[in-house]
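Peer 1: The structure under discussion is supplied below as structure tokens; questions concerning it will follow.
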Amino acid sequence: MQPILEMRQITKRFPGVLASDNVNISLFPGEILAIIGENGAGKSTLMNILFGLYQPDEGQILIKGEPVKMLNPNQAILKGIGMVHQHFMLVNPFTVAENIVLGAEPRRGPLLDIAQARRNVAEVSERYGLRVKPDAKIEDLPVGVQQRVEILKILYRGAEIIVLDEPTAVLNPQEIRELYTIMQNLTAQGKSIIFITHKLNEVMAISQRITVMRRGKVMGTLVTKDTTPPELANLMVGRQVLLQVSKPHAKLGRTILEVKDLVARDLSGEKVLDSISLDIKAGEILGIAGVEGNGQTELVEVLTGLWRAASGSVRLNGVDITNFTARQIKESKVGHIPEDRQKRGLELDFTVKENLIFGFHYRPPFARSGFLDAEQITSHANRLIEEFDIRTPSSETNTRSLSGGNQQKVIIAREMHQEPDLLIASQPSRGVDIGAIEFIHRRLVEHRNAGKAVLLVSPELSEILSLSDRVAVIYEGRIMGIVMSNAVTEEQIGLMMAGIVPENMQPAGEGRPDHGRQ
């Protein structure tokens, strides 16, 4: 069978970086090809070349055996290539139909023919089994449906080759399963898919072949059914990677955090947290599981001083810290790894060393008599860069230039070096590669083993169940139950995430972390 797409000997250089080094890939009709690799491996550069956003320095692209040049995305679209980016390119106030036809609108004279647009959208959604409401506004749709709209946009333009860039990063487990079904239906209708991801369980579940990249090179292309996650991880990172978290039995100490009957409201007065009660002891990790948008963000923000509680209490080491300011909470020995590292965790246009002291920059040893101590700051940064294996040319490097995994390490290093009694880790592995995930997981477990408390918030059930000692499931701002992680299944957690408490659930001693534990 002739490949529908070939990229031959693709080379792309940026100042000081060889982003693509003589890369060869092929894609066959009706195939799902996964491309995996660490951040900075060259996956995105390669796809940007395919989509006409970059021009290769060397090499050529062939579609159905014919050499083509992609000088811009419009030419790529005309050649049947569509790309769904990790961050959706949708206009939120517009309707589904308006977004899908945007740039290729049916017209009646000089005016948009909205009735024809609706009919066109209905036809393409019916053809591919991607049902949407043409008149629904994007801003009112859940993220899984928004992604469906993105896929319909490129199908409407005649895409035969579909590039999905980290498509599951913002989806819950049910939406991921729906995406798999969509991908399988599309390939059954002759479409070909390039699937970019960091998640080995996903490539094993959905792809036919897997191309592994490392530092701009293709390390190998494997048939999925003939490989294993450890083999893929080794190719990605260049060393053996521990895919399972190893942790000893919890040695529980005093209660570090106690939350009781916590209520928070949004700007309209609606409850976003509804009588939340939980506690965490020294030496344990409590995981918060739930579909995004069910109160996890608000819970973390109340605990870190970014959102006011309407009622209830938060006690840290026995001290009431309810509605303390963010600075007061940080000074109470609370560390915070935020869910959005770029918006909440870093100042991207500041240097690595500056980001490594934020939150502590106003006090010794970094500041004296109102002046920053440059020597202390540089020395401190160099120690953390080495200890946390932050891959950066120097402490003076602009943080924006680091990979996502190394940006995350900057935050983790900053928050953990003070050895906080409570570390709140919100989606700590989002958007980072497998090597960085292994490192992050190890540091969280080490913090727990040192007798500290960790609150872990993650939409990844595998991460929650492997790291946590107990799991609290949140649904519509309420805790549905708190269970031992070694006495519950993903299916049971999934039901609780949907607001259903399975029969015969074993609660963790009505929320006490030492129930049934050594």
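All of the numbers you see were taken from the coordinates with simple rules; none came from a lab. In this text, all values refer to a predicted model and were calculated from it rather than measured experimentally. Virtual Cβ from ideal backbone geometry, glycine too; neighbours counted across all protein chains shown.
Peer 1: Could you check how many percent of all C-alpha pairs in the range 344-418 are farther apart than 20 Å?
Peer 2: Working: 580 of 2775 pairs.
Considering the range 344-418, 21 percent of its Cα-Cα pairs are separated by more than 20 Å.
Peer 1: So if I take the centroid of the Cα atoms in the range 179-209 and the same for the range 448-481, what is the distance between those two points in Å?
Peer 2: 29
Peer 1: Let me ask something else. Restricting attention to the range 172-258, which trypsin sites (Lys or Arg not before Pro) occupy a DSSP loop and are surrounded by at most 12 other Cβ atoms within 10 Å?
Peer 2: Of the trypsin sites (Lys or Arg not before Pro), the ones in loops of the range 172-258 whose Cβ has at most 12 other Cβ atoms within 10 Å are 239, 254.
Peer 1: Loop-only check: which trypsin sites (Lys or Arg not before Pro) in the range 40-105 are DSSP coil with at most 13 other Cβ within 10 angstrom?
Peer 2: Sites meeting the loop and neighbour criteria: 69.
Peer 1: Given only helices, namely DSSP H runs of n ≥ 4 each adding -39500 (n - 2.57), what is the per-residue ellipticity at 222 nm of the chain, to the nearest 500 deg cm²/dmol?
Peer 2: One gets -9000 deg cm²/dmol as the mean residue ellipticity at 222 nm.
Peer 1: Taking the range 5-237 as the region of interest, what is the percent of Cα-Cα pairs per 5 angstrom bin, listed from the shortest bin to the one with the maximum distance?
Peer 2: 1, 7, 14, 18, 19, 16, 12, 8, 4, 1, 0, 0
Peer 1: How high is the relative contact order of the chain? Use alpha-carbon pairs under 8 Å, at least six apart in sequence, and give a whole percent. Walk me through the numbers on the way to the answer.
Peer 2: Details: 1051 pairs, mean separation 74.2, N = 518.
Relative contact order for the chain comes out at 14 percent.
Peer 1: Need the full-extension length gain, residue 495 to residue 174, defined as separation in residues times 0.36 nm minus the C-alpha distance. One decimal, nm.
Peer 2: Value of the extension gain: 114.5 nm.
Peer 1: When only Cα pairs under 8 Å and 6 or more residues apart are kept, what is the percent relative contact order across the range 385-486?
Peer 2: Once divided by the residue count of the range 385-486, the mean separation gives 19 percent.
Peer 1: What percent does the relative contact order of the range 183-292 come to when contacts are Cα pairs within less than 8 Å and at least six residues apart?
Peer 2: Across the range 183-292, relative contact order equals 15 percent.
Peer 1: So how do 57, 320, 274 line up by other beta-carbon neighbours within 10 Å, fewest first?
Peer 2: Numbers: 57 14, 320 11, 274 17.
The most exposed by this proxy come first: 320, 57, 274.
Peer 1: Sort 85, 249 by Cβ crowding within 10 Å, fewest neighbours at the top.
Peer 2: 249, 85
Peer 1: Okay, next question. Going through the cross-link list 69/217; 271/409; 217/247; 251/333, which pairs have a Cα-Cα distance over 25 Å in this structure?
Peer 2: Working: 69/217 22 Å; 271/409 34 Å; 217/247 35 Å; 251/333 20 Å.
In this structure, 271/409; 217/247 lie more than 25 Å apart at Cα.
Peer 1: Mind running the shape call on the range 275-345? Use the C-alpha gyration tensor, a ≥ b ≥ c as the square roots of the eigenvalues: rounded below 1.5 for a/c, prolate if a/b tops b/c, oblate otherwise.
Peer 2: Details: a/c = 1.27, a/b = 1.14, b/c = 1.12.
It is rounded, given that a/c, with a ≥ b ≥ c, falls under 1.5.
Peer 1: Do any GluC sites (Glu not before Pro) in the range 344-452 lie in a loop, going by DSSP, with at most 15 other beta-carbon atoms within 10 Å of their beta carbon, and if so which?
Peer 2: Of the GluC sites (Glu not before Pro), the ones in loops of the range 344-452 whose Cβ has at most 15 other Cβ atoms within 10 Å are 347, 396.
Peer 1: Now for a different question. Measuring from label point to label point, each 7 Å out along Cα→Cβ, what is the residue 208 to residue 268 span in nm?
Peer 2: Modelled inter-label distance: 4.7 nm.
Peer 1: In nm, give the distance between the simple-model label positions of residue 386 and residue 1, each being 7 Å from the Cα along the Cα-to-Cβ direction.
Peer 2: 5.4
Peer 1: Expected output is a single nm value to one decimal: the length gained when fully extending between residue 94 and residue 486, i.e. 0.36 nm times separation in residues minus the C-alpha distance. What is it? Walk me through the numbers on the way to the answer.
Peer 2: Working: separation 392, 0.36 × 392 = 141.12 nm, distance 4.57 nm.
Here the answer is 136.6 nm.
Peer 1: What order do you get for 409, 12, 260 when you list them from fewest to most C-beta neighbours inside 10 Å?
Peer 2: 260, 12, 409
Peer 1: Assign unit charges at the C-beta atoms only (+1 for Lys and Arg, -1 for Asp and Glu), then state the dipole size of the range 5-237 relative to its Cα centre in Debye, rounded to the nearest 20.
Peer 2: About 300 debye.
Peer 1: About its Cα centre, what dipole magnitude does the chain give when the only charges are +1 on Lys and Arg Cβ and -1 on Asp and Glu Cβ, stated in debye to the nearest 20? Each step should come with its number before you reach the end.
Peer 2: Values: 59 positive and 62 negative charges, 127 e Å.
Dipole of the chain, to the nearest 20 debye: 600 debye.
Peer 1: Right, another one. Just subtract the alpha-carbon distance of residue 401 and residue 69 from 0.36 nm times their residue separation and send over the number in nm, one decimal.
Peer 2: Extending this stretch completely gives an extra 116.6 nm.
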